Amino acid sequence: MSKEREILQMFQTGMSQRNIALGLHTNIHMVQFFGGAARLLILDNLETGIVSNRKHEDPVVNQSYKHYHTAILPARVLAPKDKAAVEGYVGNVTSQIIAKLRSEKFFSIAELNRAIAELLEKFNKTHFQKRDGSRLSVFLGEEAPFLQPLPALPYEYAHWKQATVQLNYHVSVDSQNYSCPYPDKFSDMTFDERMTTMIDKEYDARTNNRIKRLLKKSGLPYTKASICDIACLPERQLNRELINRLGTCDFISQKRNVLVLGATGAGKTFLANAIAADACRDGLHSLYIRLPDFFIEYANASVLHKEFEIFKKYQKASLLVLDEFLLIPADDNQQRILLERRYGRSSTIFC
């Protein structure tokens, strides 16, 4: 804050103790209170802002403030003029807030902060004696436009500790002991390497289970099919480049449809199944249905007045494979309703 703008509305809150976590938490409330972050923040030599301050070296500041794009300028030890404006407000805090609350009893920090907030709001809105406006009006008119906008998410403090396995095969975290297995394959690994191995194994297991569920629910007759298994022989006149492009499933993200044409026995169903199975392996919801079976399912649902549930079921699929399309006479109204609900929202393969 420059000397030309040394009148600024005041922020104050109470803390149960002084440490890095609570100090950062308070500073987060401060920038939220002001509605923005200053480009330069003058701090006292507290551990919340200054990690280390050596005599002949630049101070090492807490890097957490980078989240708000704020530069830290620590005040020198025993140099109150470095933060003269703050020192001036100490007397105001003592007379206007602390003095009025010293005879009160509070049973929690939250209760204390509510009382402080009421007096602080009144103090900031009090009109000056020798000029127009108040601290709040001056702040809104002169200082607030120069503040930087706050990030979308507030800063979250995290405390990381490098845990080591003790001789009793336990790791101590927050005064709790956790037992550790000692298999031979982990004997030469660090804790981070072991944790990475466990996370990778768990991620792979969850991914594989999800793929199995998608393939099982898809109704595909060839769940093990893949475009890699398609033989592009010369007599089949298949375009390998086009098939590989379909295997990337980009057409699904683009909400485009695919029409597979060919004579009976040319392998249209297997090709469509291979694309849908690869889509399941990419984590996409695919469904397979023969059009005659769909009409039978729709007729049974109509008897129970559950047509909407049928259309909703096939509408949710990212990729729908309609086999034996137009091989039998179809109700134009049923086809129109099904395709209109999917048009522009998801992809369909007709084969």
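The values are calculated or read from the model by the stated rules, or taken from the named source; none is laboratory data. Model, not experiment: these values are computed from the prediction. So basically every Cβ, Gly included, is an ideal-geometry build from the backbone, and we count neighbours across all protein chains shown.
Annotation: of all residues in the stretch 323-351 being at pLDDT 85 or above and more than 36 Å from the chain's Cα centre (by Cα), the one that is nearest to C249 (Cα to Cα) is F350. Residues that are in contact with a helix residue (DSSP H, G or I) (Cβ under 8 Å, 6 or more places away or on another chain), touching a residue at least 12 places away in the same chain (Cβ under 8 Å) and small (G, A, S) do occur in the stretch 113-124, at least one of them.
Is it true that some residue in the stretch 232-251 is surrounded by 15 or more Cβ atoms within 10 Å (Cβ to Cβ), assigned by TED's automatic domain parsing to the domain that holds G283, polar (S, T, N, Q) and part of a helix (DSSP H, G or I)? Looking for residues that are surrounded by 15 or more Cβ atoms within 10 Å (Cβ to Cβ), assigned by TED's automatic domain parsing to the domain that holds G283, polar (S, T, N, Q) and part of a helix (DSSP H, G or I), one finds none in the stretch 232-251, hence no. If you check Y169, Y155, Y178, Y203 for being touching a residue at least 24 places away in the same chain (Cβ under 8 Å) and either surrounded by 11 or more Cβ atoms within 10 Å (Cβ to Cβ) or farther than 30 Å from G35 by Cα (or both), only one passes: Y155. Here Y288, Y298, Y222 are screened, and the one residue that is in a strand (DSSP E or B) and either of a type in the set (A, V, I, L, M) or in contact with a helix residue (DSSP H, G or I) (Cβ under 9 Å, 6 or more places away or on another chain) (or both) is Y288. Within the stretch 255-276, residues that are at positive phi and surrounded by fewer than 17 Cβ atoms within 10 Å (Cβ to Cβ) have Cβ atoms under 7 Å from residues that are in a loop (DSSP other than H, G, I, E, B) and of a type in the set (G, A, S) in these pairs: K255/G344; K255/S346, counting only partners at least 6 apart in sequence or on another chain.
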